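Encoded as structure tokens, the structure appears first; notes follow it.
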Amino acid sequence: MFAGRTYEIPTADASAAPKAAAPAPQQPVADEPRPVVVQNPAPVATPPGVTWYTVKENDNLWKIAAEQLGSGTRWTEIKELNALKSDDVRVNMRLKLPAKTVATSN
């Protein structure tokens with residue numbers, strides 16, 4: 001027997017030819033857990049020119065900006081791009097780096 005199904009039980013004085021019972025439509029039982037649908041958010045597109053950097057031991061935002069972007073003063077761009085609440089970075093943290101500036105000559 002299954003919960004939520006209807007069964008027809010013949011009586012002793014039923015006719016010799018049994019009637020075929022139409023299957024009852026299945027309806028969810030209130031106690032049955034419903035399937036959970038997990039929707040993965042669409043991946044966020046990386047803006048053009050943005051690269052990734054993995055923090056190494058003894059790194060800080062100034063040092064990363066100086067080595068990777070050419071100027072330590074660009075550390076604030078890294079902080080804003082990664083929505084960091086503090087200036088602290090941890091080893092193996094992945095950071096988005098803004099595009100490097102290209103020097104132009106006149």
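Quick note: the coordinates plus some simple rules give every number you see, no bench work behind them. Because the structure is predicted, anything quoted here is derived from the model rather than measured. All Cβ positions, glycine included, derive from the backbone under ideal geometry; neighbour counts span all protein chains shown.
Shape of the stretch 52-97 from the C-alpha gyration tensor: rounded (a/c under 1.5, with a ≥ b ≥ c the square roots of its eigenvalues). In plain terms, the chain from Arg94 to Leu81 could stretch by 3.5 nm, reckoned as 0.36 nm per residue minus the Cα-Cα distance.
Fully extending the segment from Ser71 to Arg5, taken as 0.36 nm per residue of separation minus the present Cα-Cα distance, adds 16.5 nm. Tell me the GluC sites (Glu not before Pro) within the stretch 47-106 that lie in a loop according to DSSP and have at most 16 other beta-carbon atoms within 10 Å. Those satisfying the criteria are Glu57.
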